[in-house]
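Scroll down for the structure; my scribbles are underneath it.
The values are calculated or read from the model by the stated rules, or taken from the named source; none is laboratory data. In this text, all values refer to a predicted model and were calculated from it rather than measured experimentally. A quick note on method: Cβ atoms are made from the backbone with ideal geometry, for glycine too, and the neighbour counts reach across all protein chains shown. Heads up: the accessible areas ignore ligands, DNA and RNA and are worked out on the full protein's heavy atoms, side chains in. Shrake-Rupley method; radii C 1.70, N 1.55, O 1.52, S 1.80 Å.
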Amino acid sequence: MPRPLALPLDALALPLRQALPVVARCGAAGLLVDAVGPLAPSELTATGRREVRRLLADHRLELAALACPLRSSLLATADLDRRLERLRAACLLAADLGPRLVTLSLGPLPEPAALTALPFRQAFGELAAYAEKVGVHLALSAGAEPVARLAEFAADWAASVGIALDPGLLLMRQQDPSAAVASAAAALRLVTARDVRLSLLDRPSADVPLGQGDVDWFGLAAALEAAAYQGWVVLRGPSPLDAPAASAAVAFLKRLGI
C-alpha cells in the first residue's frame with residue numbers, strides 16, 4: 001500500500017511560502033522542515049504558527065516531521081541542558097504545527113555498559129516523557145551503529161521513541177537497508193527515500209536520482225510491506241531538488257508502491 005510522501009524543505013532551497021506550491025504540484029502530500037532559522041521555535045510566534053498551519057491547509061499539505069539538528073552529539077555532556085531545552089521547544093512546536101514527530105540524532109552510541117552509566121540516560125528519559133506529555137514522538141536517526149542496537153535503545157522508552165531510517169546513509173555505512181527495516185520494524189517512525197552511488201577507487205560516494213544508485217528499491221519496498229510500515233516517506237535526491245526532479249522521484253516511488 002502506498003505511503004504518504006513528503007519533500008524536505010532544505011532540499012528545495014526555497015522559502016516555505018514558495019516551496020508549498022512546488023510540493024503540491026509534484027504529487028507529494030507533505031513537507032519535512034528543520035526547526036532552524038525562520039522556523040525555529042524561538043522565531044515562530046503564535047501568529048506565525050497559525051500562518052504556517054493556514055498555508056499548509058491552503059495547499060492541502062501536512063508536515064511529515066520536524067527535524068531538530070544539533071551542533072554536537074546529544075550524548076556529549078557539555079551543554080546537554082541547552083540541547084535538551086532546544087529539543088523540548090521543538091517538541092512543542094511539532095505539537096502546534098501538527099506533525100507530532102521530531103527527528104534527531106544521538107550521535108554514535110558508546111558500548112552498552114557505558115551507555116547505561118551515562119548521566120544522559122536520565123535526561124533523555126525526561127525528554128521522552130515530555131514528548132509523550134505533549135503528544136509527540138521522537139525518531140532517532142540511524143547512523144553508524146547497527147540499527148538493531150539503536151532500536152534496542154529506543155525500546156527502553158516504549159512507544160514515545162522510534163527510529164528514522166535513511167537507506168542511502170545505511171548503505172554508505174555498510175548496512176543492508178532492507179535488513180535494517182526488519183530490525184526496526186516495530187519502532188519505525190520515518191523513512192527517507194534516498195539513493196546513493198557507492199564509492200569506487202576512482203570516485204567518491206554521491207547522491208543520485210532515485211533508481212540510479214545502489215539501493216535495492218524492490219527489496220526495500222518488500223521490507224516496508226513486510227514491516228506493515230504506513231508512515232511518511234521523505235524523498236531526498238541531489239540538492240537543490242527542483243520541481244521536475246521532485247516530480248520524477250515521486251512518480252518513481254509511486255510506481256514501486258512505496
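Given a 1.4 Å probe and every protein chain left where it sits, what share in percent of the accessible area of the chain is carbon and sulfur? The partial results should precede the final answer.
Working: 6650 of 11880 Å².
Carbon and sulfur together cover 56 percent of it.
Taking amide hydrogens as modeled 1.01 Å from N in the peptide plane, which residues meet the under 5 Å criterion relative to Leu188, leaving out close sequence neighbours?
Ile163
Listed highest first by mean packing, meaning other Cβ atoms within 10 Å per residue, what order do 237-249, 21-33 come in?
Values: 237-249: 16.7, 21-33: 19.9.
So the order, starting with the most tightly packed, is 21-33, 237-249.
Across segment 172-186, in residue order, what do the Karplus-derived ³J(HN,Hα) couplings come to in whole Hz, using 6.51 cos²θ - 1.76 cosθ + 1.60 with θ = phi - 60° and x for Gly and Pro?
For segment 172-186, the Karplus-derived couplings read 5, 8, 6, 10, 7, x, 5, 5, 5, 4, 5, 5, 9, 3, 5 Hz, x marking Gly and Pro.
All other residues with a Cβ under 13 Å from the Cβ of Arg17 taken together, and with Lys, Arg as +1 and Asp, Glu as -1, what is their net charge? List each step's numbers first, then the result.
On the way: positive: Arg54; negative: Glu51, Asp58.
Net of charged neighbours comes to -1.
Just from its helices, what would the mean residue ellipticity at 222 nm be for the chain, if runs of 4 or more DSSP H residues each count -39500 (n - 2.57) and the sum is divided by every residue, rounded to the nearest 500 deg cm²/dmol?
-12500 deg cm²/dmol
Filter the chain for me: DSSP H helices, axial length by Cα at least 30 angstrom, mean Kyte-Doolittle hydropathy not below -0.5. List them by residue number.
Numbers: long enough: none.
Helices passing the filter in the chain: none found.
Per residue, how much accessible area does segment 1-136 show when a 1.4 Å probe rolls over the protein heavy atoms, in square angstrom? Walk me through the numbers before you get to the answer.
Details: 6570 Å² over 136 residues.
Each residue of segment 1-136 exposes 48 Å² on average to a 1.4 Å probe.
Scan around Leu70 for amide H atoms under 5 Å from its own, H built in the peptide plane at 1.01 Å from N, and keep only partners 5 or more places away or cross-chain.
The answer is Ser105.
Within segment 158-245, what percent of beta bridges assigned by DSSP are antiparallel, to the nearest 5?
Details: 4 of 10 bridges.
Bridges in segment 158-245 that DSSP calls antiparallel: roughly 40 percent.
Give the long-range amide H neighbours of His137: residues separated by 5 or more places, or on another chain, with amide H under 5 Å away, using H modelled in the peptide plane at 1.01 Å from N.
For His137, whose amide H was placed from the backbone, the distant partners under 5 Å are Leu101, Val102.
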